[in-house]
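These notes are about the structure you will find just below.
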Amino acid sequence: MANIADSIYNMRLLDDLARQETVIHKLHPLVKLLTTVSYLTVVVSFGRYEVAGLLPLFFYPVMVLALAELPVKPILLRILLVSPFIIGIGILNPVFDQQTFVLAGREFSRGWVTFLSILLKSGLTVTAALLLIATTGMDRLAGALRILKVPRVFVLQLLLTYRYISVLMEEVARTLRAYSLRAPKQKGVHRSAWGSLAGQLLLRTFDRAQRIYEAMCLRGFSGEYHSGEINKICRWDWAYLGGWVVFFILARTYNLPLLIGSLLTGVIR
Amino acid sequence: MSHHKLEVRNLHFNYPDGHNAVKGMSFSIHHGESVGIIGANGAGKSTLLMLLMGVLFPSQGEVCVGDVQVTKKTLPMIRQRLGMVFQDPDDQLFMNTVYDDVAFGPRNYKLNEKEVEKRVLNALEVVGILHLKDRAPFKLSGGEKRAAAIASVLSMQPDILVMDEPSAALDPKSRRRVMELLRSFKHTKIVTSHDLDMIYEMCDRTIVIKNGEIAADGVTSEILVNAELMDACGLEVPLALQNCPVCGSKK
Ligand SMILES: Nc1ncnc2c1ncn2[C@@H]1O[C@H](COP(=O)(O)OP(=O)(O)OP(=O)(O)O)[C@@H](O)[C@H]1O
Ligand SMILES: [Mg+2]
């Protein structure tokens with residue numbers, strides 16, 4: 001059952017990472033949110049046969065990853081976690097899209113290109129979202145949403161869901177631990193106990209969520225979630241946002257690899 | 001200071017499954033009193049505290065804080081005055097760091113961040129876990145969690161402190177510290193515990209509960225030595241008041 005306990009630690013890892021203090025972490029959460037949103041828009045706006053155009057956009061996550069001093073491995077692991085879904089979505093493309101084209105003397109089906117494109121796009125978007133959370137933290141992110149005048153209920157919903165996921169996982173871990181201690185020779189949970197275990201879990205998490213909510217109310221919680229003060233947006237924040245947006249637009253309108261390539265060859269010539 | 005008075009009149013409570021956990025309790029607690037609530041497991045202590053805090057609402061009777069009855073409407077005001085430490089600290093800690101958890105209450109009262117920080121650090125200092133402030137609550141030991149839960153209530157600076165088994169799962173030193181802390185809290189305090197020695201040292205008044213009813217209510221030093229009463233309520237005379245186990249001499 002160690003893996004479940006592990007995943008709780010992992011669950012909260014993003015929050016732990018978000019507490020560091022690097023250049024990126026110190027940026028205003030709203031700016032990071034806007035940057036991420038514009039990044040996502042640009043990535044998604046590329047056509048389905050586009051692959052080369054996406055390549056310059058790798059620059060953004062790599063830069064953030066480096067500047068925010070985030071560990072690469074756990075982030076990659078999380079991206080891999082969603083990869084089965086992405087592959088599930090894209091895998092049928094090569095079957096349906098049988099048109100072919102020729103590259104470097106070999107024939108390729110266009111389906112594979114769209115598949116690759118989907119893979120890249122999803123990878124980039126998921127990475128961007130993860131990086132946003134890992135450099136900002138859910139609480140401050142919610143603060144940013146509130147600045148954008150997103151209705152309180154939605155923000156609260158988001159936050160509490162995020163909180164309760166870890167509560168649920170902790171409850172699961174405890175139940176499974178109790179089970180495995182009294183069923184030492186089994187691998188996993190025996191079929192006969194599934195029903196009662198799942199039912200117990202449901203009830204217990206309801207109960208727990210209820211009590212946590214009560215504890216929140218006892219401490220003056222009235223629907224507004226305060227996660228500490230957020231500083232004013234300063235000039236450097238705007239510069240960060242502006243810089244990236246310009247870069248994204250450039251990457252979208254010009255074929256940067258080609259441009260740089262021709263520039264270099266031009267110089268050499 | 002009549003507004004710190006706490007009054008309970010003819011309180012009844014049924015759990016949704018029909019279990020009658022509180023059956024007609026009445027008492028009143030004045031400002032500055034320290035009251036111990038004792039009773040066997042399942043006697044209804046935690047339920048009573050929940051009723052006081054307005055987490056549960058009585059099916060009959062009423063609870064008044066000061067001159068205000070505890071109802072859904074008056075809750076925000078009541079809760080600013082009363083602080084409660086839950087029996088299970090896991091129920092109380094839900095933020096990512098101990099610091100954020102302790103800051104949760106003050107932030108809800110819209111204090112500025114400087115004041116919040118002052119209160120948080122102060123509360124953590126008092127319970128002696130300042131060094132844990134950046135840790136995640138779920139990674140703490142049972143006793144550390146309890147200390148954090150106590151700090152999370154202290155940071156709100158309540159007028160009435162309600163604690164459900166504050167000394168359970170604490171090591172002797174931490175237990176001492178909690179007791180010191182309770183002693184230094186000058187306002188009203190209401191404590192349930194199975195740690196009768198602690199009740200004996202800390203509380204002037206004791207209410208004994210048996211099966212949802214008040215079995216006795218009076219001066220601690222008289223109630224806790226009443227072996228007959230204690231036995232009937234599933235309790236025992238505290239060790240400090242029993243004869244010396246080695247030489248058998250009277251204390
Ligand atoms: N959620 C619930 N639903 C139904 N019955 C409950 C619920 N919670 C508690 N009870 C019952 O109410 C009674 C009083 O419970 P309570 O938790 O107040 O006891 P307690 O005096 O705090 O005991 P302990 O010393 O073990 O903490 C018990 O008999 C218990 O079974
Ligand atoms: Mg109890």
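Bear in mind these aren't lab numbers, they're just calculated from the coordinates by the rules spelled out. Computed from a prediction, not measured in an experiment: that's the story for all the values here. Using ideal geometry, Cβ is built from the backbone for each residue, glycine included, and neighbour counts are taken over all protein chains shown.
Structure summary
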{"item": "All lysines inside 16 Å of B:Lys173 as judged from Cα atoms, apart from same-chain residues fewer than 8 positions distant", "result": "B:Lys145"}
{"item": "Selected from B:Val126, B:Thr206, B:Ala136, residue furthest toward positive end of dipole (segment B:73-214; charges at beta carbon)", "result": "B:Val126"}
{"item": "Inter-label distance for B:Asp204 and B:Glu222, nm, one decimal - labels placed 7 Å from Cα along Cα-to-Cβ", "result": "1.5"}
{"item": "Residues A:Arg48 and B:Lys73, FRET efficiency given R0 of 56 Å [Cβ-Cβ distance, rounded to 0.05]", "result": "0.45"}
{"item": "Scattering curve values for segment B:64-162, log₁₀ I(q)/I(0), Debye with Cα scatterers, q = 0.13, 0.18 Å⁻¹", "result": "-0.44, -0.79"}
{"item": "Estimated distance in nm for a label pair at A:Ala66 and B:Arg135, the labels positioned 7 Å out from Cα along Cα-to-Cβ", "result": "3.7"}
{"item": "Three-way shape label, segment A:84-185, alpha-carbon gyration tensor, a/c 1.5", "result": "oblate"}
{"item": "Label-point gap, in nm, between A:Thr100 and A:Lys26 - each point 7 angstrom along Cα→Cβ", "result": "5.8"}
{"item": "Average Cα contact separation per residue, segment B:96-240, under 8 Å, 6 or more apart, as relative contact order %", "result": "17"}
{"item": "Amide hydrogen neighbours beyond the local backbone of B:Lys210, cut-off 5 Å, H modeled", "result": "B:Ala215"}
{"item": "Three-way shape label, segment B:188-229, alpha-carbon gyration tensor, a/c 1.5", "result": "oblate"}
{"item": "Over 21 Å between alpha carbons, listed pairs A:Lys26/B:Lys114; B:Lys5/B:Lys189; A:Lys32/B:Lys110; A:Lys232/B:Lys114", "result": "A:Lys32/B:Lys110"}
{"item": "For B:72-84, mean number of other protein chain Cβ atoms within 10 Å", "result": "2"}
{"item": "Per-residue average of Cβ from other chains inside 10 Å of A:206-218", "result": "6"}
{"item": "Measure of compaction for the protein assembly as shown (Cα Rg per 2.2 N^0.38 Å)", "result": "1.25"}
{"item": "Segment B:81-157, relative contact order in percent, only Cα pairs under 8 angstrom and at least six apart counted", "result": "47"}
{"item": "Prolate/oblate/rounded label for chain B (Cα gyration tensor, a/c 1.5)", "result": "oblate"}
{"item": "Nearest-ten-degree value, helix A:2-11 long axis tilted from longest Cα axis of chain A", "result": "60"}
{"item": "Net dipole in debye of the protein assembly as shown [+1 Lys, Arg Cβ; -1 Asp, Glu Cβ; about Cα centre; nearest 20]", "result": "1480"}
{"item": "Fewest-first sequence of B:Val208, B:Val225 by Cβ atoms within 10 Å of each Cβ", "result": "B:Val225, B:Val208"}
{"item": "Cβ crowding within 10 Å averaged over residues, with A:207-219, A:153-165, B:139-151 ranked highest first", "result": "B:139-151, A:207-219, A:153-165"}
{"item": "Debye, to nearest 20: dipole size of segment A:121-226, +1 on Lys, Arg Cβ, -1 on Asp, Glu Cβ", "result": "320"}
{"item": "Gained length - A:Leu202 relative to A:Asn231, 0.36 nm times residue gap less alpha-carbon distance", "result": "6.4 nm"}
{"item": "Antiparallel bridge percentage (DSSP; both residues within chain B; nearest 5)", "result": "55"}
{"item": "Mean separation of Cα contacts under 8 Å, 6 or more apart, over the residue count of chain A: relative contact order %", "result": "33"}
{"item": "Cβ neighbours within 10 Å from other chains - mean over B:95-103", "result": "4"}
{"item": "Gyration tensor over alpha-carbon atoms, segment A:65-118, equivalent ellipsoid semi-axes in Å", "result": "31, 15, 7"}
{"item": "Summed side-chain charge close to B:Cys233 - residues other than B:Cys233 whose Cβ falls under 11 Å, Lys, Arg +1, Asp, Glu -1", "result": "-3"}
{"item": "Calculated FRET value between B:Glu125 and B:Ala169, using beta carbons and R₀ = 22 Å, to 0.05", "result": "0.55"}
{"item": "Cα-centre dipole for chain B with unit charges at Cβ (Lys and Arg positive, Asp and Glu negative), debye to 20", "result": "580"}
{"item": "Over segment A:8-130, equivalent-ellipsoid semi-axes from the Cα gyration tensor in Å", "result": "32, 16, 12"}
{"item": "Value at 222 nm in deg cm²/dmol, rounded to 500, when DSSP H runs of n ≥ 4 in chain B each add -39,500 (n - 2.57)", "result": "-9500 deg cm²/dmol"}
{"item": "Amide H contacts of B:Gly24 (H built 1.01 Å from N, under 5 Å, at least 5 apart or other chain)", "result": "B:Leu11, B:His12, B:Phe13"}
